[in-house]
1. Looking at the chain as a GNM with Cα springs under 10 Å, which of Glu61, Glu28, Glu44 has the largest mean-square fluctuation?
2. Taking H as built 1.01 Å from N, whose amide H comes closer than 5 Å to the amide H of Ile74, not counting residues under 5 places away?
3. I'd like the Karplus ³J(HN,Hα) series for the stretch 131-139: coefficients 6.51, -1.76, 1.60, θ = phi - 60°, whole numbers in Hz, and an x wherever there's a Gly or Pro.
4. Fewest first, what order do Asp114, Asp125, Asp45, Asp104 take by the number of other Cβ atoms within 10 Å?
5. Classify the stretch 93-158 from the C-alpha gyration tensor, please: rounded if a/c falls under 1.5, else prolate or oblate depending on whether a/b exceeds b/c.
6. Which residue, Glu130, Glu85, Glu62, tops the fluctuation ranking in a GNM of the chain built on C-alpha contacts under 10 Å?
7. Starting with the fewest neighbours, write out Leu53, Leu120 ranked by other beta-carbon atoms found within 10 Å of each beta-carbon.
8. Which pairs break 28 Å Cα to Cα here: Lys59/Lys86; Lys27/Lys59; Lys108/Lys133; Lys43/Lys119; Lys43/Lys117?
Amino acid sequence: MARKRAEGTASSNVFSMFDQSQIQEFKEAFTIMDQNRDGFIDKEDLRDTFAALGRINVKNEELEAMVKEAPGPINFTVFLTMFGEKLKGTDPEETILHAFKVFDTEGKGFVKADVIKEKLMTQADRFSEEEVKQMFAAFPPDVCGNLDYRNLCYIITHGEEKD
């Protein structure tokens, strides 16, 4: 009985990391990913989610690696815990903004996408061409090739677009 209570306490702590609207957003994401509606995200759910996003032929090894990141079956509490752990490692918004401001010589809140691409692929933890493509697919530059880094930083640290 004591063990059961301890597990319940540990899992309930993850809910205190997020406000109610964030938990609701994670719940919606979980529900979308739980394609077979069994209350758990498994390898086939991930495959179906990728297919819905247009990524076909995801390798079994890649899906298995994702599922193995969890300590066990991925129910909503485990899903939320995993996101909490990932988000804890995110730099504060001000730190990320400062990094982009180095390239914003005019102070307008935009940087040239080709400059960011070059830096991401040649400096520190280098991005691959595919990772850069994924970033620009999620955060496309404007018609002039500028990246709105303020909005990008907000989404990275808060998980949603500003209104």
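Read-outs throughout are calculated quantities, based only on the coordinates presented, and are distinct from any laboratory measurement. What you see is a predicted model; the values in this text were computed from it and never measured. Note that each Cβ is placed from the backbone with ideal geometry, even for glycine, and that neighbours are counted across all protein chains shown.
1. Glu61
2. So Ile74 has HN proximity to Ile41.
3. Along the stretch 131-139, the couplings run 5, 5, 4, 5, 4, 6, 5, 7, 10 Hz.
4. Working: Asp114 11, Asp125 5, Asp45 21, Asp104 18.
Ascending Cβ contact count within 10 Å gives the list Asp125, Asp114, Asp104, Asp45.
5. Values: a/c = 1.30, a/b = 1.23, b/c = 1.05.
Rounded is the answer for the stretch 93-158, as its axis ratio a/c remains below 1.5.
6. Glu130
7. Numbers: Leu53 8, Leu120 16.
Final ranking by Cβ density, sparse to dense: Leu53, Leu120.
8. Details: Lys59/Lys86 23 Å; Lys27/Lys59 26 Å; Lys108/Lys133 24 Å; Lys43/Lys119 34 Å; Lys43/Lys117 32 Å.
The answer is Lys43/Lys119; Lys43/Lys117.
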